[in-house]
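Reviewing the structure listed below.
Each reported figure results from applying straightforward, stated rules to the coordinates on display, with no laboratory input. For clarity, every value in this text was computed on a predicted model and none was experimentally measured. Using ideal geometry, Cβ is built from the backbone for each residue, glycine included, and neighbour counts are taken over all protein chains shown.
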Amino acid sequence: MRKEIILSKISKIEESIPLIEENIPEDFEEFENLGLLKDGIYKRIQYMIENILDICAIINSDLQFIPPGEEDDIINNLVKKEILSQSMGNKIKEFKEFRDIIVHRYGKIDDKLSFELIHENLSDFNKIIEKIKTIIDRY
């Protein structure tokens with residue numbers, strides 16, 4: 001397994017989490033008026049999600065599972081092979097959907113919903129990272 005590449009991507013995620021935690025305000029009104037800082041938070045979230053998806057693709061490939069057609073197929077393969085739990089697979093899919101909103105419909109992002117999602121789910125990135133570390137230790 002390409003552990004060095006995976007660990008490098010994990011490191012980038014771990015760098016982003018405190019940056020978001022330090023800069024995201026506690027209330028929505030303040031978040032809504034952050035301007036470029038809000039854009040930076042969205043970009044960091046997007047970057048973190050893309051790194052998680054890349055890691056999943058590397059694990060899927062290195063364990064020589066069925067070649068996927070789409071990102072959801074990668075996640076489904078990892079759940080099916082019991083590398084990821086169903087709940088963690090679902091969380092990663094939710095993150096992927098949020099990333100797609102950030103990337104493809106940036107002008108139409110619901111800031112209030114996004115603010116709530118970030119606050120409620122930021123700690124899940126750490127859970128995913130810990131799971132990935134156990135996977136690469138096992139293989």
- Item | Cα-based reach from residue 127 at 12 Å (exclusive), listing aspartates and glutamates while leaving out same-chain residues under 8 positions away | 14
- Difference of contour (0.36 nm per residue) and Cα-Cα distance, residue 93 to residue 36: 17.8 nm
- Task: Return the single residue from 22, 97, 50 with maximal mean-square fluctuation; model: Gaussian network over the chain, springs between Cα atoms under 10 Å.
- Result: 22
- For the chain, modelled as a GNM with alpha-carbon contacts under 10 angstrom, which of 96, 80, 38 fluctuates the most? 80
- Query: Working out 0.36 nm times the residue gap between residue 14 and residue 63, then minus their Cα-Cα distance, what length gain in nm do you get to one decimal?
  - Reply: 15.2 nm
- Item | the chain - percent relative contact order, Cα under 8 Å, separation 6 or more | 28
- Could you check the simple spin-label distance between residue 121 and residue 105, using points 7 Å along Cα→Cβ, in nm with one decimal? 1.4
- For the chain, modelled as a GNM with alpha-carbon contacts under 10 angstrom, which of 76, 33, 90 fluctuates the most? 33
- Item | Rounded, prolate or oblate (a/c below 1.5 giving rounded, otherwise prolate when a/b exceeds b/c) for the chain by Cα gyration tensor | prolate
- Sorting 19, 36, 122 on the 10 Å Cβ count, fewest up front, what's the list? 36, 19, 122
